[in-house]
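The structure appears right after this line, and notes come after that.
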Amino acid sequence: MTAPPVAAAADAHQEARPPAPGRPMRSVTRKRRILRALRHSWQLYVLVAPAVLFFLIFNYVPMYGAQIAFRDFIASDGIWGSRWVGLEHFERFFDSYYFWRLLRNTLLLSLYQLLLFPLPIILALALNEVKNHVFKRFTQTLTYAPHFVSLVVVVGMLFAFLDPRIGLVNHVIELAGFTPIQFMQDPGWFRHLYVWSGVWQSLGWGTIIYLAALSGVNPELHQAAQVDGANRLQRIRHVNIPAIMPTVVILFILDFGSFMAVGFEKALLMNNALNAEASDIIQTFVYETGLLEGQYSYAAAIGLFDSVINIILLVGVNQLARRYSENSLW
């Protein structure tokens with residue numbers, strides 16, 4: 001029994017259809033698409049090439065040397081000629097008597113700084129409500145000018161103003177009838193001086209980012225809120241804060257990603273034998289161990305441990321931000 005003409009035509013058409021494109025065909029199509037995009041926007045790729053090369057040369061290529069953390073590195077033998085010791089340097093650091101002090105001081109400084117993260121947001125929201133342009137510009141200049149002051153100068157100012165004999169602050173304390181305070185030698189004052197001097201130096205500069213985000217808020221939203229009877233605080237809460245929230249989330253993730261990366265330069269400049277109980281952190285220990293004592297493998301292991309924690313925190317906070325909000329780094 002022969003098939004109907006319609007069914008026979010359908011079978012013939014199906015046999016004549018070319019096979020579905022496989023992985024090689026998709027690969028060729030993808031390559032053509034990439035080449036077409038390169039030809040179309042080659043100027044943009046040339047423009048971004050120096051930045052890509054910079055990060056490749058100075059951030060990714062040096063990762064090759066991270067393996068000395070697992071070797072007994074001797075400079076004359078080179079990296080590959082040095083003996084492989086595995087996790088010996090990590091175990092040595094974890095078992096050392098100063099491990100918990102370094103970890104505690106680093107975590108406390110980082111948490112202290114993180115708690116003050118909202119300060120630039122508050123200052124930006126306040127400056128955004130100022131209607132006097134002259135006063136607003138003067139305040140902005142006054143707050144972000146300290147950003148350009150060197151860390152060495154900032155620490156020198158701390159020593160000069162807080163000196164127990166000739167410091168201005170202690171003169172005022174003496175005039176008030178109190179005993180001068182050894183600010184720079186007292187471990188109890190170290191964290192406060194470190195963090196709040198950093199706030200003074202970076203507060204205004206960090207505010208600029210949020211002011212830029214606030215400048216993009218549609219004025220019609222404020223007008224509609226005013227028509228609905230919202231006062232200034234309600235408009236800040238329901239219009240301005242939601243508008244800058246994506247910027248806040250991104251900057252918070254970036255700050256949390258460098259949670260363990262407390263700047264060692266300032267801690268090193270403020271460090272002395274009397275406040276070492278609070279000023280010894282992982283970064284200063286890496287500097288002293290690696291560069292001053294020449295224990296390169298040991299210092300590399302400690303620095304790698306610090307970096308791994310930062311990466312874990314960055315990925316974890318980014319995942320939380322992506323899960324509970326619409327904003328994340330990736």
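The values are calculated or read from the model by the stated rules, or taken from the named source; none is laboratory data. Given the structure is predicted, the values throughout are model-derived calculations rather than measurements. With ideal geometry, Cβ positions are generated from the backbone for all residues, glycine too; neighbour counts draw on all protein chains shown.
Here are the numbers for this structure:
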| item | result |
| --- | --- |
| Breaking point among (1) aliphatic (A, V, I, L, M); (2) under 24 Å from the mean Cα position of the chain (by Cα); (3) more than 30 Å from residue 206 (Cα to Cα), for residue 75 | (2) |
| Where a residue in the range 153-179 is touching a residue at least 12 places away in the same chain (Cβ under 8 Å) and its partner, wherever it lies, is of a type in the set (Lys, Arg) and surrounded by 14 or more Cβ atoms within 10 Å (Cβ to Cβ), with Cβ under 8 Å and at least six apart | 154/266; 155/266 |
| Filtered residues of the range 257-288 (kept if free of Cβ contacts under 8 Å to residues at least 24 places away in the same chain and either in contact with a Leu (Cβ under 6 Å, 6 or more places away or on another chain) or acidic (Asp, Glu) (or both)) | 284, 288 |
| Complete set of residues in the range 272-290 that are among the polar types (S, T, N, Q) and under 20 Å from residue 199 (Cβ atoms) | 275, 279, 283 |
| Criterion: on the phi > 0 side of the Ramachandran plot and assigned by TED's automatic domain parsing to the domain that holds residue 115 - qualifying residue of 257, 294, 263, 316 | 294 |
| Of the criteria (1) in contact (Cβ under 8 Å) with a residue 24 or more places away in the chain; (2) over 30 Å from residue 243 (Cα atoms), which one residue 55 fails | (1) |
| Where a residue in the range 63-80 is without any contact (Cβ under 8 Å) to a residue 24 or more places away in the chain and its partner, wherever it lies, is of a type in the set (Lys, Arg), with Cβ under 8 Å and at least six apart | 79/71 |
| Selection from the range 217-236 of residues that are surrounded by 14 or more Cβ atoms within 10 Å (Cβ to Cβ) and of a type outside the set (Val, Ile, Thr) | 221, 222, 225, 230, 235 |
| Residues that are of a type outside the set (Gly, Ala, Ser) and surrounded by 12 or more Cβ atoms within 10 Å (Cβ to Cβ), drawn from the range 292-310 | 295, 296, 298, 302, 304, 305, 306, 309, 310 |
| Residue satisfying condition, being closer than 23 Å to residue 97 by Cα and not basic (Lys, Arg), within set 264, 252, 256 | 264 |
| Of the criteria (1) closer than 26 Å to residue 277 by Cβ; (2) surrounded by 13 or more Cβ atoms within 10 Å (Cβ to Cβ), which one residue 165 fails | (2) |
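One line per residue, one yes/no per condition, for (1) modelled with pLDDT of 90 or more; (2) in contact with a Lys or Arg (Cβ under 6 Å, 6 or more places away or on another chain); (3) not assigned by TED's automatic domain parsing to the domain that holds residue 159:
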{"site": "192", "(1), (2), (3)": "yes, no, no"}
{"site": "203", "(1), (2), (3)": "yes, no, no"}
{"site": "206", "(1), (2), (3)": "no, no, no"}
{"site": "211", "(1), (2), (3)": "yes, no, no"}
{"site": "222", "(1), (2), (3)": "no, yes, no"}
